[in-house]
Amino acid sequence: MSSATLSPDAVKADTPIPVRAHLRHTGALIRRNLLWIRQDPESMFDAILFPVVFTLLFVYVFGGSIGQSLGGGQDRYVQYVIPGLLAMMGMNMAQGVGTGFNQDFNSGVMDRFRSLPIGRGSVLFAKIAVELMRMLFATVVLLVVALLVGYDVHSWSGLLAAVGLSAVFGSALMWVFLTLGVVMKSAQSVQAMGFLVLMPLQFGSSIFAPTASMPGWLQAFTDYNPLSALADCARGLMEGGPVAHPLWVTLIWSVGLTALMAPVAVHKFRTKS
């Protein structure tokens, strides 16, 4: 992306930038990030392999035993776990935006952006937009694999709503990882921190198995775990069931994370860059 792309609205970095210029800058940066993915297709491996590996692993390793506890077999477990994996998609893609952001700092790309008269927020919004595109691509892969292992779509409108809700929560979580990408010294540090935070959230939730058989203290944790609310809401939308309470919990978490972490991420980015 050349500086000529952004020069028509060139202003000093500390001068307020019009909304139209912000949108133009964000669009140019989205194009830059997409071109980078085209030049480095290996960066899409996680979006392709994650839904395949997790679906096959949980369906064929745990599907029989957990399916029996649900009153069925492997087929019953497929119907249970796919909405949970769909809910988890945004969270896993969120970790990638933090590591990629950190790599841009360490490779000197942000020095180039610092020399351009662009809005600092445009860089962050472009990262989130491209990561949401990767999340939607991974979701398509997940649904293809789900259909191959026998998932029966009961409500296409509910499926689309669940995808949208997962994107909303995933974009909120991306602000957390953008902040980590700025403050951490290396991409490995971002990955390690993400693992420590996300692993308990993943397995201490209703994504992979019902929580009724869990110890009392762990059930209390799952009650406040936003991934449990997101997974339960996705099941309600896709399979039929209560939706209102988990929907409100998910939206409250999403709005709260965005309101809290978006200003922090922008401030840290301005300070560092």
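The values are calculated or read from the model by the stated rules, or taken from the named source; none is laboratory data. All values reported here derive from a predicted model rather than from experimental measurement. Because the Cβ atoms are built from the backbone with ideal geometry, glycine has one as well, and the counts that use them run over all protein chains shown. All accessible areas refer to the heavy atoms of the entire protein, side chains included, with ligands and DNA or RNA removed. Shrake-Rupley method; radii C 1.70, N 1.55, O 1.52, S 1.80 Å.
Below is a table of values for the structure above.
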quantity	calculated
Given (1) open to solvent by 60 Å² or more (accessible area, probe 1.4 Å); (2) hydroxyl-bearing (Ser, Thr, Tyr); (3) in contact (Cβ under 8 Å) with a residue 12 or more places away in the chain, number of the condition Thr258 does not satisfy	(1)
Any helices (runs of 4 or more DSSP H) falling wholly within region 35-151 and containing at least 2 residues that are touching a Pro at 6+ places or on another chain (Cβ under 8 Å) and of a type in the set (Val, Ile, Thr)	120-148
Residue in region 166-181 that is farther than 23 Å from Cys233 by Cα and part of a loop (DSSP other than H, G, I, E, B) present	no
Hits in region 166-189 (condition: over 15 Å from the mean Cα position of the chain (by Cα), open to solvent by less than 60 Å² (accessible area, probe 1.4 Å) and of a type in the set (A, V, I, L, M))	Val182, Met184, Ala187
Pairs, first within 24 Å of Arg24 (Cα to Cα) in region 129-153, second among the β-branched types (Val, Ile, Thr), C-beta under 7 Å, six or more apart	Ala129/Ile30; Val130/Ile30; Glu131/Val97
Those residues of region 47-59 which are in contact (Cβ under 8 Å) with a residue 40 or more places away in the chain and open to solvent by 60 Å² or more (accessible area, probe 1.4 Å), in sequence order	Ile48, Leu56
Count - residues of region 173-216 that are over 29 Å from His267 (Cβ atoms), at pLDDT below 90 and aromatic (Phe, Trp, Tyr)	1
The one condition in (1) without any contact (Cβ under 8 Å) to a residue 24 or more places away in the chain; (2) within 26 Å of Ser155 (Cβ to Cβ); (3) open to solvent by 10 Å² or more (accessible area, probe 1.4 Å) that Val109 fails to fulfil	(2)
Residue among Pro263, Pro246 that alone is within 25 Å of Val59 (Cβ to Cβ) and part of a helix (DSSP H, G or I)	Pro246
Every residue from region 190-205 that is crowded, with 17+ Cβ neighbours inside 10 Å, without any contact (Cβ under 8 Å) to a residue 60 or more places away in the chain and part of a helix (DSSP H, G or I)	Met193
Selection from region 107-123 of residues that are closer than 20 Å to Ser186 by Cβ and either of a type in the set (Asp, Glu) or at pLDDT 75 or above (or both)	Asp111, Val123
Selected residue [β-branched (Val, Ile, Thr) and farther than 19 Å from Ala47 by Cα] from Val145, Val163, Val190, Val197	Val197
Region 74-106: number of residues that are modelled with pLDDT of 85 or more and open to solvent by 30 Å² or more (accessible area, probe 1.4 Å)	3
